[in-house]
Amino acid sequence: MTHGTDHRLTNTQSFLCFGASGVISRTIVAPADVLRTLTQVGVSHSKKGLSELASFLLKMEGVKGFFKGNFTGCLKLIPYSVTQYLVYKRIRWTICDDLGRLSILGTATAGTGAGMTATIVTYPIDMIKTRLILQPLHPHTPSYKGLASAVTKIYKMEGLFAMYRGLCPTLVACVPFAFTSFLTYEVLDRVWLKRHDNTKISPNEVLIQGTVATTVSYIITFPFDVIRRMMQARSPKLPKNGGVDLQFQTARQCGKALLLRYGVKGLWRGLFPALLKVIPYHSIQYLTYECCKRGFLYQNGYILSPFQELDPLIDQNLEVDELQEIQDYDITGHIEHLESSRTDYEQ
């Protein structure tokens, strides 16, 4: 879930809002992420069902077993978001027209390019997170004692390229994911606008749009994610090849092996726990971000209370003098004119 820049917050405050929302939402859905990864890779107890897998994990590793790799996952948020933001701005500046506007295709292209670049930069962190999730904490001695241990051992035993195992299917999935998400969002946007007679939609409807668009895209591209996790996990240097139940070397061989052993449904194994993660993630992130934002707006003197509801009909990025002018005249058409002029200027 992305958030527009609010000029009433400092850069540090905006960073803290995003960081808090990302870490909190990521931590809350961490158990679903662990169950998804274990099911995707195909560890032995995952074949008995999700409830059986959760019971086994709780019995063998306790509650902390559901949060394996969470610190590494949270650590990935900062470099991924910074890289994505900077690359998106650079691509947008390169392909926009003289007025700074982008076409629908241009927006999708900029988003896809930014996502792919951020994925390449942070992929080793994601790979290590997968390895940390898959290793048992008890009763066996873990292969890695933590993030630093994993980086050192993987590099020494498997080489640098092992950090990027599974990158190819991940990058391939970026294109259909971005375009499917954008298309779904646009369709829902038109539905909402038609329902509201082309007036501004509410923040809750924006949240629903983003969640549905991400969910649809995730379901369509999920086979690529399954192949990625299996390629990240598999290693002849680990016990039982890292817990992977199939033999393969390339992404194509992995997909073929899944189809031969489990049929088409094998490409979507782990989808249910994945949806348990994706669907609430955006809501939690949005709510946390808004709470942090209101706290800083109160601190900066823009609202009377951090519990005050923000008016969805007024552009929250308007400066104090613009808001005062609106209050003085109280003309609906003037509000719409200000918002339209500001949007044209920023574009």
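Derivation of every value follows stated rules applied to the coordinates shown; laboratory data play no part. Everything numeric here is computed off the predicted structure, so don't read it as measured data. Positions of Cβ are backbone-derived with ideal geometry, glycine not excepted, and every protein chain shown enters the neighbour counts.
Worth pointing out:
- Distance between the modelled labels on L193 and I95, one decimal in nanometres: 2.1 nm (7 Å Cα→Cβ projection).
- Per-residue Cβ neighbour rank within 10 angstrom, fewest leading, W93, W192: W93, W192
- Cα-Cα over 24 Å, subset of K153/K265; K59/K277; K47/K68; K145/K237; K156/K277: K153/K265; K156/K277
- Model label points for Y262 and A162, set 7 angstrom from Cα along the Cα-to-Cβ axis, are 2.4 nm apart.
- Sum of side-chain charges, A274 neighbourhood, beta-carbon under 11 Å (Lys, Arg +1; Asp, Glu -1): +2
- Here the residues V121, V87, ranked from fewest to most Cβ neighbours within 10 Å of their Cβ, fall in the order V121, V87.
- With 0.36 nm allotted per residue and the present C-alpha distance subtracted, the Q247-L86 stretch has 54.0 nm of extension available.
- Ordered by the number of other Cβ atoms lying within 10 Å of each residue's own Cβ, fewest first, L38, L267 fall into the sequence L267, L38.
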